[in-house]
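Every read-out reported here was derived from the displayed coordinates using simple, explicitly stated rules and does not represent laboratory data. Since the structure is predicted, the reported quantities are computational estimates derived from the model, not experimental observations. Ideal geometry is used to build each Cβ from the backbone, glycine not excepted, and the neighbour counts take in all protein chains shown.
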Amino acid sequence: MNNFNTLRTKMVKEQLIPRGIKDKRTLKVFREVPRELFVDDKYLDNSYEDHPLPIGNGQTISQPYIVALMTESLSLSPTDKVLEIGTGSGYQTTILAKMCREVYSIERFSGLAKKAEKVLEDLEIKNVTFKIADGSIGWEEQAPFDAILVAASAPRVPEPLLEQLNENGRLVIPVGSMYSQSLLRLVKKGGVIERKDICGCVFVPMVGKYGWTNER
Ligand code: SAH
């Protein structure tokens, strides 16, 4: 049988730290969250490998490094209210929930959302509210957010997400074409949006009003 604790420690040491993940709180949660609970049984042995894995509905759980990079880029504090678009397996949701006050997570596939909700319940994580909807329009009733993480790609930055950011709020989102994007970090400061390109990346499409109109 696999020793998941050993594999988890090794993942942080070999995949995250050498690539520049430094934030202590980020590294701590990555040492704690059992990624094996978020992958399909048939990929259990691959839980800590350096790549994404299928989770059903044509979607994937992101590569650990990308989840860590997005998390670190959000500069989270324990008092933050965070919006996540693309719950998927709930792995990233769990990481966020352990690092901030409350998380609002939107997924378009109810099957994925339900599975994720169950895993978080088993882990006794209570500061997450789920919704099955098109997340490209954000979650207006709950805005403003201190941070917004989008785990699916968009052709451009959705205007409602910028509007729903708090002052000094951070938005991390992959923007580009269907098959290749730039991971962007946008910060709202005095009504102005500062933008930084983090790196190149490939995410599944965000399908919705401010995303793509179909899967490909
Ligand atoms: N971070 C997740 C991976 C998510 S993959 C994890 O760790 O498992 C991206 C997810 O975004 C998919 O589950 C997909 O169904 C979802 N998605 C795509 N478009 C969406 C939209 N408009 N609103 C909400 N979720 C969306």
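Brief remarks follow.
- Tensor-based shape of the chain (alpha-carbon gyration tensor, a/c under 1.5 rounded, otherwise prolate or oblate): rounded
- The range 137-168 and the range 50-126: distance between their alpha carbon centers, rounded to Å: 16
- Highest-fluctuation residue, Glu107, Glu32, Glu117 considered, GNM on the chain with Cα pairs under 10 Å: Glu32
- Shown is the FRET efficiency for Lys189 and Val157, computed with R0 = 22 Å from the Cβ-Cβ distance and rounded to the nearest 0.05: 0.90.
- Here the spin labels are modelled as points 7 Å beyond Cα on the Cα-Cβ line, and at Asn57 and Glu140 they lie 2.3 nm apart.
- Asp40 versus Lys131: modelled label distance in nm, points set 7 Å from Cα along the beta carbon direction: 3.0
- The residues packed around Gly88, meaning those with a beta-carbon under 10 Å from its beta-carbon, carry a net charge of -1 if Lys and Arg are +1 and Asp and Glu are -1.
- Taking other C-beta atoms within 10 Å as the exposure proxy, Arg8, Arg185 rank Arg185, Arg8 from fewest upward.
- Within straight-line cross-link reach of Lys114, aspartates and glutamates at Cα separation under 13 Å, skipping those fewer than 8 residues along the same chain: Asp122
- Length added when fully stretched, Ser75-Arg25, from 0.36 nm per residue minus Cα-Cα: 17.0 nm
- Fewest-first ordering of Val202, Val103 by other beta carbons within 10 Å of each residue's beta carbon gives Val202, Val103.
- Across every direction, the projection of the convex hull enclosing the Cα atoms of the range 25-100 has a mean area of 4.8 nm².
- Highest-fluctuation residue, Lys188, Lys42, Lys98 considered, GNM on the chain with Cα pairs under 10 Å: Lys42
- Full extension of the chain between Asn214 and Asp122 yields a length gain of 29.8 nm, computed as 0.36 nm times the residue separation minus the alpha carbon distance.
- Length gained when the stretch Glu14-Tyr179 is fully extended (0.36 nm per residue, less Cα-Cα span): 56.7 nm
- Computed packing ranks the peptides 149-162, 69-82, 121-134 as 149-162, 69-82, 121-134, most packed first, by mean other Cβ atoms within 10 Å.
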